[in-house]
There are 2 protein chains.
Amino acid sequence: MDIRGFQDMMRSIYFHHDSRRGKTKTYAWLREEIDELGEALKENDKKALENEFADVLAWLASLANVVNIDLEIAALSKYDSKCPKCRKTPCECPLSK
Amino acid sequence: MDIRGFQDMMRSIYFHHDSRRGKTKTYAWLREEIDELGEALKENDKKALENEFADVLAWLASLANVVNIDLEIAALSKYDSKCPKCRKTPCECPLSK
């Protein structure tokens, strides 16, 4: 499924809730899901990891819906098959991170 | 672009860096991007928002590559056109969040 299709699916399921909750609370829930992903990373259980990655992506798409951002356009505008800094694939930037 | 294609693109650009950095530090960078997204939400500048949504998705895909999770399978296994709790579209769960 393409990124836009997933975001559209999240809109169909949740936008009535997301729009009422608003961007601040939706962002807060995204942060909670990031915390849960961090816990799952410590446990290293594949099923739990899949569940938490799914939730982070879902809440990210919900938040994008609330603030009217097209995730696919945003992602591909910055990451167009090359590192946006050095313009190379694979990236040739120093591993500073 | 489909979710898997985006994750594969991130692997082509960054996996040599991501695998050396490892899951703990890659997760730490994902958290930093989440913080930056929070700042962009306060400013409400569309270009800045697109940039930060792109970065969060990119680092989420990088982290998934490091721990060998297929983001698309994970997302669609949980969110298959219905709310995973009430099994309805739109979701009929109470707006507790």
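In table form, for the structure just shown:
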read-out: Positive-end residue, the range A:10-53 charge dipole about Cα centroid, Cβ charges, pick of A:Leu30, A:Phe15, A:Phe53; value: A:Phe15
read-out: Dipole magnitude (debye, nearest 20) for the protein assembly as shown, charges at Cβ of Lys, Arg, Asp, Glu; value: 0
read-out: Rounded if a/c under 1.5, otherwise prolate or oblate - chain B, Cα gyration tensor axes; value: oblate
read-out: Shielding by other protein chains, B:2-9, mean Cβ within 10 Å; value: 4
read-out: C-alpha long axis of helix B:3-43 to longest principal axis of chain B, angle in °; value: 60
read-out: Shape category assigned to the range B:34-82 from the gyration tensor of Cα positions, a/c cut at 1.5; value: oblate
read-out: Geometric extent, Cα atoms of the protein assembly as shown - Rg, Dmax (angstrom); value: 15.7, 49
read-out: Chain B, dipole about Cα centre (Lys/Arg Cβ +1, Asp/Glu Cβ -1), debye to the nearest 20; value: 500
read-out: Test item: B:69-77 mean partner chain Cβ contacts at 10 Å; value: 6
read-out: Other protein chain Cβ atoms within 10 Å, averaged over every residue that makes up B:57-66; value: 4
read-out: Greater than 32 Å apart at Cα, pairs in A:Lys25/B:Lys78; A:Lys42/B:Lys47; B:Lys46/B:Lys78; A:Lys85/B:Lys78; A:Lys25/A:Lys88; A:Lys46/B:Lys42; value: A:Lys42/B:Lys47; A:Lys85/B:Lys78; A:Lys25/A:Lys88; A:Lys46/B:Lys42
read-out: Accessible solvent surface per residue of chain A, calculated while the other protein chains remain in place, 1.4 angstrom probe, Å²; value: 47
read-out: On Cα atoms only, tilt of B:46-66 relative to the major axis of chain B in degrees; value: 80
read-out: Whether the range B:1-42 is rounded, prolate or oblate, judged on the alpha carbon gyration tensor where a/c under 1.5 counts as rounded; value: oblate
read-out: Theoretical ellipticity at 222 nm over chain B - DSSP helices of four or more residues, -39500 (n - 2.57) apiece, nearest 500; value: -25500 deg cm²/dmol
read-out: Contact surface B-A: accessible area buried, both sides summed, square angstrom, 1.4 angstrom probe; value: 5500
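The values are calculated or read from the model by the stated rules, or taken from the named source; none is laboratory data. Nothing here was measured: the structure is a model prediction, and the numbers come from that model. Positions of Cβ are backbone-derived with ideal geometry, glycine not excepted, and every protein chain shown enters the neighbour counts. Heads up: the accessible areas ignore ligands, DNA and RNA and are worked out on the full protein's heavy atoms, side chains in. Shrake-Rupley method; radii C 1.70, N 1.55, O 1.52, S 1.80 Å.
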